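Please read the structure below before turning to the comments.
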Amino acid sequence: MGLSTAYSPAGSRLATAPLAAAAARRGSVQHLRPRRPLIATVRCSVDAAKQVQDGAATIAAQEPARHKTGRLPRFGVFCPTYDLTSDDKTKSWKKLVTIAVSGAAGMIANHLLFQLASGEVFGQDQPIALKLLGSERSLQALEGVAMELEDSLYPLLREVSIGIDPYEVFEDADWALLIGAKPRGPGMERAALLDINGQIFADQGKALNTVASPNVKVIVVGNPCNTNALICIKNAPNIPAKNFHALTRLDENRAKCQLALKAGVFYDKVSNMTIWGNHSTTQVPDFLNAKIDGRPVKEVIKDTKWLEEEFTMTVQNRGGVLIQKWGRSSAASTSVSIVDAIKSLVTPTPEGDWFSSGVYTTGNPYGIAEDIMFSMPCRSKGDGDYELVSDVLMDDFLWERIKKTEAELLAEKKCVAHLTGEGIAFCDLREDTMLPGEM
Ligand SMILES: NC(=O)C1=CN([C@@H]2O[C@H](COP(=O)(O)OP(=O)(O)OC[C@H]3O[C@@H](n4cnc5c(N)ncnc54)[C@H](OP(=O)(O)O)[C@@H]3O)[C@@H](O)[C@H]2O)C=CC1
Ligand SMILES: O=C([O-])CC(=O)C(=O)O
């Protein structure tokens with residue numbers, strides 16, 4: 001059983017503790033304090049230091065302090081026994097932003113959490129709190145992640161807490177980065193994956209709806225991310241549907257890289273790159289509207305056959321090729337693309353450019369079916385919100401492919417009707433299409 005491991009006052013590992021087991025059964029993670037008392041003694045207030053030296057008695061003594069600051073206890077060195085408020089007053093910092101991350105013990109999160117804590121994403125004047133969601137399976141690993149965050153001494157990282165109950169972990173979240181999902185195993189039908197992971201996202205949608213900040217921004221990464229995001233929306237009616245994103249930024253980045261390689265330019269010369277549709281092998285990397293050095297791609301790359309065939313397939317299958325070489329799916333570049341996706345929402349989009357995100361289609365200006373999550377071109381004023389770009393070109397090649405990826409998403413939606421409150425599911429996925437990471 002993957003239950004919490006406690007630490008003795010001297011810092012040595014104890015066997016799985018009954019108190020932790022009981023806490024895990026209740027659905028919350030209680031860290032037995034003191035953990036690593038030397039650090040705590042140095043960095044906690046005098047009162048806390050005294051408690052730390054009192055060993056087991058400390059646990060009871062700290063209980064009231066934990067509950068004052070919310071339901072979830074903070075982890076280790078981030079314990080709420082310090083008074084950082086006077087310290088924070090001397091800094092020209094913004095108000096704390098709370099970021100919840102699911103699948104926090106997984107490979108993508110192992111990169112992302114450190115990028116978030118470094119200030120690279122939200123800025124060097126933005127303190128953050130990280131709330132990490134795991135499961136009984138991953139609880140020990142999650143403690144390991146939190147310990148590495150402690151040891152990194154990030155000044156902007158003010159709080160870390162870990163838990164296995166989304167109703168606790170998502171409480172007051174300003175951002176929810178939903179990464180955790182079961183990977184598709186050999187021989188597993190896409191419909192089965194939709195059902196298993198859909199259930200996770202239905203539960204997490206309900207939890208967000210109940211406890212997160214009413215304007216929480218949600219980025220769904222766990223696959224199949226478009227339909228998982230739709231399930232989340234349907235289970236979170238109090239949160240604006242516009243606040244939900246399915247991550248297609250990795251696909252955009254991959255497409256920019258391929259165009260730059262072909263044109264013999266550095267990739268910062270590629271702009272206006274749209275990925276249309278599903279994060280799957282039906283996705284459409286749009287070379288009609290993309291630009292290289294401000295010029296239409298088709299003026300720079302005259303090989304239309306390459307654009308229509310090789311370019312498109314390379315982007316669609318990039319994740320699978322990487323898995324064949326690496327033996328595991330993209331983690332670092334996915335993390336970078338999550339960072340890019342967040343930055344695109346919190347900084348104004350450069351004049352004339354746009355970015356791709358899987359967003360809710362209702363009210364879209366392109367004639368794409370309503371009520372699905374579809375990757376489209378977006379612009380932001382940097383306030384966390386976005387608007388769709390309306391002045392895009394469309395031709396038969398592009399439209400035909402958009403209709404194919406749209407059909408796939410509409411079919412996926414029918415498969416999860418039981419999770420979206422739309423009746424009985426009927427799953428007829430004609431082509432068992434792949435995630436980009438599958439081949
Ligand atoms: N949209 C995109 O561009 C991309 C999406 N992805 C997707 O991101 C997700 C996470 O990838 P990655 O971090 O590499 O994966 P990992 O396998 O490293 O981590 C995934 C986490 O998911 C959690 N999980 C939740 N439910 C289950 C379940 N039923 N069975 C097993 N694990 C579960 C596990 O954590 P715990 O036990 O704590 O719940 C696990 O740590 C995957 O769905 C992947 O397909 C990957 C790359 C790109
Ligand atoms: O299939 C996966 O898990 C990986 C994936 O989404 C990608 O590489 O784009």
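Readers should treat all values here as calculations from the given coordinates under stated rules, not as data from a laboratory. What you see is a predicted model, and the numbers here were worked out from it, not measured in a lab. Glycine also receives a Cβ, built like all others from the backbone with ideal geometry; neighbour counts cover every protein chain displayed.
Side notes on the structure shown:
- Qualifying trypsin sites (Lys or Arg not before Pro) in the range 266-347, where qualification requires a DSSP coil assignment and no more than 12 other C-beta atoms within 10 Å, comprise Lys302, Arg328.
- FRET E, pair Arg137, Arg328, Förster distance 22 Å, beta-carbon r, rounded to 0.05: 0.80
- Stokes-Einstein diffusion for the range 144-263 at 25 °C, viscosity 0.890 mPa s, with a Kirkwood radius from C-alpha pairs, works out to 153 µm²/s.
- Cα-based convex hull volume of the range 215-307 per residue, rounded to whole Å³: 106
- Sequence-distant lysines (8 or more away, or on other chains) whose Cα lies within less than 25 Å of Lys91: Lys68, Lys131, Lys343
- Cα-Cα separations in the range 183-246 greater than 20 Å, expressed as whole percent: 24
- Applying the Karplus relation 6.51 cos²θ - 1.76 cosθ + 1.60 with θ = phi - 60° to the range 72-79 yields 3J(HN,Hα) values of 9, x, 6, 8, x, 5, 8, 4 Hz, where x marks Gly and Pro.
- Exposure proxy shown here: for Trp399, Trp276, the number of other Cβ atoms within 10 Å sets the order, fewest to most, as Trp399, Trp276.
- Sequence of Phe201, Phe426, Phe397 once ranked by neighbouring C-beta atoms within 10 Å, starting from the fewest: Phe426, Phe397, Phe201
- Prolate/oblate/rounded label for the range 61-182 (Cα gyration tensor, a/c 1.5): oblate
- Here r is the Cβ-Cβ distance between Glu189 and Leu84 and R0 is 56 Å; the resulting FRET efficiency, rounded to 0.05, is 0.65.
- Mean projected area (nm²) of the alpha-carbon convex hull when the range 67-135 is viewed from all directions: 5.4
- Amide H contacts for Ser375 (H built 1.01 Å from N in the peptide plane; partners 5 or more residues away or on another chain; cut-off under 5 Å): Gly277, Asn278, Val359.
- Relative contact order for the range 190-308: 18 percent, from Cα pairs under 8 Å spaced at least 6 residues apart, divided by residue count.
- Given their separation in residues at 0.36 nm each and the Cα-Cα distance between them, Trp93 and Gln199 gain 34.3 nm when the chain is fully extended.
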